Amino acid sequence: MADETYLGSLEDDGFFTPSIKQHSVEKIRVHNYYLALFTTSMKAHWPQRAYLGLYSGPGRACIEGTGEIIETTAMSAFRPRFPFTKYIFVDNDPRCVEALAGRIAVLPDQHDVTLIKADVSDAVPQIIEAMPEFRPGHGLLSFCFIDPFSAPLDFEVIRTLGSRYKMDFLILLMLGRDVRTNFRQYLEDPADTRIASLIDDPDWREEWRERGLRSRDLVQFILGKFDAAMTRLGYKTGRPSDAHPVRVMGKNVFLYSLVFYSKSDLGKQFWDATRKGADPQIKLDL
């Protein structure tokens with residue numbers, strides 16, 4: 001398990017390598033830990049296993065303050081002992097797509113990979129075209145990691161993919177850095193659809209005001225509304241405590257939440273185990 005959640009220092013390979021904050025390491029470690037559980041447990045049950053990375057990035061980043069280069073989620077998705085049979089990555093930045101393609105090209109093993117340079121909201125038809133066909137004897141189980149830089153995540157993307165495929169989701173919700181910081185603007189501008197698109201509720205402002213909610217209620221309100229939207233798609237309902245908060249290193253400043261959704265009880269068990277085991281001081285051997 002330690003190797004599969006690897007976050008060791010790497011040499012500069014010459015490809016585009018953006019900077020990230022130290023707190024991003026926690027997000028990567030949680031992602032990697034879950035993938036190790038998922039791939040190890042599902043390899044014998046599903047002949048086709050697809051990984052979908054939305055807002056994938058270039059696959060490596062440099063940690064601010066230390067200069068250390070590490071793998072980010074797109075490249076670490078290839079690390080499990082039992083890899084996925086299909087990989088699809090979507091990013092709108094040509095630098096990220098080019099760098100990720102170069103890094104994948106030098107992997108020691110060959111993989112079935114599709115890279116899509118497009119805005120995630122526009123990429124769904126290309127994703128569907130790239131996804132493997134599922135038919136009797138060739139079942140397909142998918143995992144989707146959504147890692148946006150801000151709140152504007154169109155729930156319609158999740159609805160389309162979650163309705164069409166047996167797909168688990170790990171989603172980063174920018175509830176601190178974006179939603180909490182800019183909430184007054186989103187609340188007072190009726191033309192702004194950022195929150196409505198995220199939680200699949202165009203009438204959220206009316207509910208917020210009718211309930212007399214305040215800024216201290218914001219994170220739980222958004223988590224609850226997002227959970228309700230996922231439940232309407234048939235996903236297992238979560239609890240606010242199931243969300244994994246990420247804060248500024250060394251400070252109690254909330255940045256974002258990682259939320260997980262599956263239609264199976266086993267997926268929920270994996271997520272509970274991930275939240276307990278992703279601590280770098282804990283080593284499990286699966």
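Quick note: the coordinates plus some simple rules give every number you see, no bench work behind them. Predicted, not measured: the structure shown is a model, and the values here were computed from it. Because the Cβ atoms are built from the backbone with ideal geometry, glycine has one as well, and the counts that use them run over all protein chains shown.
Among the residues of the stretch 170-179, is there at least one that is within 22 Å of V248 (Cα to Cα) and surrounded by fewer than 18 Cβ atoms within 10 Å (Cβ to Cβ)? Walk me through how you get there before you give the answer.
The first filter runs over the stretch 170-179 and keeps only residues within 22 Å of V248 (Cα to Cα), leaving 170-179.
Right, trim to surrounded by fewer than 18 Cβ atoms within 10 Å (Cβ to Cβ) and you get 177.
Yes.
Considering the conditions (1) assigned to a helix (DSSP H, G or I); (2) within 25 Å of K43 (Cα to Cα), A99 is excluded by exactly one of them, (2). For the stretch 5-36, a tally of residues being touching a Gly at 6+ places or on another chain (Cβ under 9 Å), among the small types (G, A, S) and buried (at least 20 other Cβ atoms within 10 Å of the Cβ) returns 0.
Filtering D168, D154 for residues that are acidic (D, E) and under 14 Å from F84 (Cβ atoms) leaves a single hit, D168.
The helices (runs of 4 or more DSSP H) falling completely within the stretch 164-215 that include 1 or more residues that are under 27 Å from G234 (Cα atoms), touching a helix residue (DSSP H, G or I) at 6+ places or on another chain (Cβ under 7 Å) and not aliphatic (A, V, I, L, M) map to 194-199, 204-210.
Among residues of the stretch 38-49 that are polar (S, T, N, Q), those with a beta-carbon under 8 Å from a residue that is part of a helix (DSSP H, G or I) at least six positions away or on a different chain give the pairs S41/L266; S41/F270. Taking the criterion of being free of Cβ contacts under 8 Å to residues at least 60 places away in the same chain, farther than 20 Å from L153 by Cβ and surrounded by 18 or more Cβ atoms within 10 Å (Cβ to Cβ), the residues of the stretch 101-141 that qualify are I104, V113, L115, A130.
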